[in-house]
Amino acid sequence: MTIRRFAGIALDRPILMGIVNVTPDSFSDGGRHGASAVAVAHAEALAAAGAAILDIGGESTRPGAQPVPVDEECRRVVPVIRALAAAGHLVSVDTRHAPVMREALAAGARIVNDVTALTGDRDSLDVVARGRVAVVLMHMQGEPATMQAAPRYDDVVGEVGAYLAQRVAACRERGLRDEELCVDPGIGFGKTLAHNLALLRALPRLRVAGAAMLVGVSRKGFIGALSAAATPADRLPGSLAAGLAAVEGGADILRVHDVAETRQALDVWRGIRRLE
Ligand code: HH2
């Protein structure tokens, strides 16, 4: 059996993408150099704990978040990407803006992680196709600033699945190959609690043949809605439970804040399942 791959990584076991936010509110010292150095050190620690991919983002896409100017987004992420790529890490850039993608790829990023599945900027598919890099295509209904106001679907699983298949087809038309494609149902992006749960239960149906599947549940709001975990910092146990459920459903990659803890949970789960 040939082992499936994404961005050069073998998908014969669950892969962790470590989240590195380079947003001013993430860092107490406020200074640009300080923020970059702290982000690089944090990313190095995530890699040492078992993250195969380091996901660098300079714009929060949490519900209600306001957009960041593209120049500012580049100033935040490019130095961090350059340092991590130079140190040999596999880096993804979490952005929906083509100019940021272009600069991130020039700095050494090998994956574009786009919450708009390359629909948010008319140049982004071109940047990815010309750059010959891998892409994570995520489903979102609406825009981060307003997406949680009134999410509505007739058939959330059918609609998200059809959207992901259509975005994979658009990428294939531009020459992207299977090992460069990954889909993501976009948990929490224009979805109610019922929508998120329906998608997590239906992950096997959301697969697009040939493409990898990534799921991001780490510290998300639905965990608070199902438990007493009021703030994101309280949601590690729920994140581990949801992450394991996603892997059971066929997720190849988990996007997580807590890499060491998720690695341990996955190692135990794999042992019980006799997956050596
Ligand atoms: N979730 C967030 C950001 N980017 N990308 C993918 N592919 N899948 C996700 O589920 C996903 C994502 C969450 O938003 P953000 O405000 O960036 O918070 P954090 O990066 O701390 O998770």
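The values are calculated or read from the model by the stated rules, or taken from the named source; none is laboratory data. Predicted model only: the values in this text are computed from it and were never measured. Counting neighbours? That spans all protein chains shown, and the Cβs are built from the backbone with ideal geometry, glycine included. To get the accessible areas, we keep the full protein, side chains included, count just its heavy atoms, and leave off ligands, DNA and RNA. Shrake-Rupley method; radii C 1.70, N 1.55, O 1.52, S 1.80 Å.
Treating r as the C-beta distance of residue 65 and residue 87 and R0 as 22 Å, the FRET efficiency rounds to 0.15. Share of carbon and sulfur in the accessible area of the chain stands at 54%, probe radius 1.4 Å.
Could you tally the net charge around residue 99, taking each other residue with its Cβ under 10 Å from the Cβ of residue 99, Lys/Arg +1 and Asp/Glu -1? Counting the neighbours of residue 99, the net charge comes to -4.
The alpha-carbon atoms of region 165-245 define a convex hull whose volume equals 102 cubic angstrom per residue.
Label sites at residue 227 and residue 194, each approximated as a point 7 angstrom past Cα along Cα to Cβ, lie 2.4 nm apart. Put a dot 7 Å past the Cα of residue 245, heading toward its Cβ, do the same for residue 201, and the two dots end up 1.0 nm apart. Ellipticity at 222 nm from helices only: DSSP H runs of n ≥ 4 in the chain, each -39500 (n - 2.57), divided by the residue count, give -13000 deg cm²/dmol.
Solvent-accessible area per residue in the chain equals 44 Å², computed with a 1.4 angstrom probe and all protein chains kept.
Counting other Cβ atoms within 10 Å, which trypsin sites (Lys or Arg not before Pro) in region 97-141 have at most 15 and lie in a DSSP loop?
Here the sparse-neighbourhood loop sites are 122, 132.
Using only Cα atoms, figure out Rg for region 110-237 and give it as a multiple of 2.2 N^0.38 Å.
Normalised by 2.2 N^0.38 Å, the Cα Rg of region 110-237 equals 1.09.
For the chain, the C-alpha radius of gyration sits at 0.93 times the compact-globule guess of 2.2 N^0.38 Å, with N the residue count.
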